[in-house]
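Take a look at the structure set out below.
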Amino acid sequence: MEKVKDGESKVEVSLSKEQVEKVISEKYSTLTQGQKDAVEHICTSQDRVVGVQGDAGTGKTAMLNVVREELQDKGYEVVGLAKTGKAADELYKGAGIQSQTIDSFLQRGLKAEDRGQKTENISQKLFVVDEASMVGSRKMHEVLTAAEKVNARVVLVGDTKQLQSIEAGNIFQKLQESGVIKTVEMKEILRQKTEEYKDIVKAVSEKEIDTAFEKLEAGKKIEEIGNREDRITAIVKDYTGRKDYKDTLVVTGFNKDRNEINSAIREELKTQGKLQGEEYSFTVRESKGLNSTEKHFAQSYDAGEIVFINKAGAGGIRAGAEAMIVEVNQQEHKIKVQGDKGEIREIDLKKDGEDIERGNL
């Protein structure tokens, strides 16, 4: 938090309020009020670090595209940083911001001319940290330290109600709650096109889950099909009958359902002539997702499955190796596995269950 406090009133405004209002009026009049407020906040603040709290579907990426266009015209280098590679790719595709993961940025370091002493706006920079709620305190401190060295601005963009940091800190949320960082909010939902769905998403974002389900039921948006085969058939029919099927997402609770639905959808799309070209097959291993307790009980394992060794010691097998289960002793909670050279080892699940992962092909 000290890094954010130290950056208060330390940089010059990128654009005046009048300039921002003029350019929005002339070029971006279709922006929501939340998007307009965020653009103005980023461009006119004298603080090194500012925040944008944007609810899901409020157009954060579109807003950042406007910021990039206008600041690049003013000579800024806009750099995107994200916790994951997927988020970095989305930031580039959606906002045109050259992006990379935070880990990659920190490992590679700044450009040679930026290392060492602070610069005096030799190259004006803006670091955009996307999905900031996922960034832990230590990594955030390193990013802000790097920004300070090159006199760069930093905008933290994210949603505290969505994915949280795995690492310690929850720093984005704490900065907002403490009032240390000046933050604007984006609440107008753009992703959902009807008022009905906007109301439902708003209820979910405000953690009013019962209200959200009541609205879904009232609008007949929930259909229950008890029989599993009938349910999968209905899902496949609905998906493949849509004109916008490529933009449709099917969510399942089990890998078995996912695999069966994917296969059925693929076959139906091929029948309809929507999938053409040469086919390729891949072998994919998937984790069975056992929790810490389930790993220690033999009932959680079956012969023929694969176990992955996370830590050396389990059955005397090296870390990173994999082996196939050939026997399960449910009374003593032990399993026998066969390694890649044919050797048979025994793993005591009560002792070493935490150090393995169960999966299958």
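Please find the FRET efficiency linking Lys237 to Lys93, where r is the Cβ-Cβ separation and R0 is fixed at 35 Å, and quote it to the nearest 0.05. With a Förster radius of 35 Å, E is 0.65. Can you pick out the pairs among Lys60/Lys237; Lys17/Lys74; Lys5/Lys149; Lys207/Lys246 whose Cα atoms lie more than 23 Å from each other? Distance filter (> 23 Å) returns Lys60/Lys237; Lys207/Lys246.
Restricting attention to segment 201-296, which GluC sites (Glu not before Pro) occupy a DSSP loop and are surrounded by at most 14 other Cβ atoms within 10 Å? Numbers along the way, then the final one.
Working: sites: Glu206, Glu208, Glu214, Glu217, Glu223, Glu224, Glu229, Glu260, Glu267, Glu268, Glu278, Glu279, Glu286, Glu294; in loops: Glu206, Glu208, Glu223, Glu224, Glu278, Glu279.
Listed in order of number, the matching sites are Glu206, Glu208, Glu223, Glu224, Glu278, Glu279.
Answer rounded, prolate or oblate for segment 223-281, using the Cα gyration tensor with square roots of eigenvalues a ≥ b ≥ c: rounded when a/c is under 1.5, else prolate when a/b is larger than b/c, else oblate. Cα axes put segment 223-281 in the prolate bin.
Approximating the spin labels as points 7 Å out from Cα along Cα→Cβ, the Asp348-to-Arg258 distance works out to 3.5 nm.
For the pairs Lys161/Lys215; Lys139/Lys161; Lys83/Lys221; Lys86/Lys243, note any where the Cα-Cα span goes beyond 23 Å. Check vs 23 Å cut-off fails for Lys83/Lys221; Lys86/Lys243. Take every pair of alpha-carbon atoms less than 8 Å apart whose residues are at least six positions apart; their mean separation over the length of the chain yields a relative contact order of 13 percent.
Rounded to whole Å, the principal axis extents of the Cα atoms in the chain read 73, 53, 45, largest first. Between Gln46 and Glu77, full extension at 0.36 nm per residue minus the direct alpha carbon distance yields a gain of 9.4 nm.
Hey, for a label at Asp340 modelled as a point 7 Å past Cα toward Cβ, could you say which residues of segment 289-330 have their backbone N under 17 Å away? Of the residues in segment 289-330, 306-313, 316-325 have backbone N under 17 Å from the label point off Asp340. Applying the criteria of a DSSP loop state and at most 13 other Cβ atoms within 10 Å to the GluC sites (Glu not before Pro) of segment 1-81 yields Glu12. Cα to Cα, under 16 Å, and not fewer than 8 places away if on the same chain: which lysines meet these conditions relative to Lys334? Counting by Cα, and skipping residues close in sequence, Lys334 has these lysines nearby: Lys295, Lys350, Lys351. At what distance in nm do the modelled label points of Lys220 and Leu249 sit from each other, each positioned 7 Å from its Cα along Cα→Cβ? Output for this residue pair reads 2.6 nm.
Apply the a/c threshold of 1.5 to the C-alpha gyration tensor of segment 286-360 and tell me whether it is rounded, prolate or oblate.
Details: a/c = 1.29, a/b = 1.19, b/c = 1.08.
The shape class here is rounded.
The distance linking segment 287-361 with segment 17-51 is 56 Å (Cα centroid to Cα centroid, whole angstrom). Rounded to the nearest 10 degrees, the angle from helix 17-27 to the longest Cα principal axis of the chain is 60 degrees.
Which FRET efficiency, nearest 0.05, do Asp37 and Ala321 yield, Cβ-Cβ r, R0 56 Å?
Values: r = 54 Å, r/R0 = 0.97.
That gives a FRET efficiency of 0.55.
Does anyone have the angle between helix 255-271 and the longest principal axis of the chain? Alpha-carbon axes, 0 to 90°, nearest 10? Roughly 80 degrees, rounded to the nearest 10.
All of the numbers you see were taken from the coordinates with simple rules; none came from a lab. Not measured: the values here are computed from a predicted model. Because the Cβ atoms are built from the backbone with ideal geometry, glycine has one as well, and the counts that use them run over all protein chains shown.
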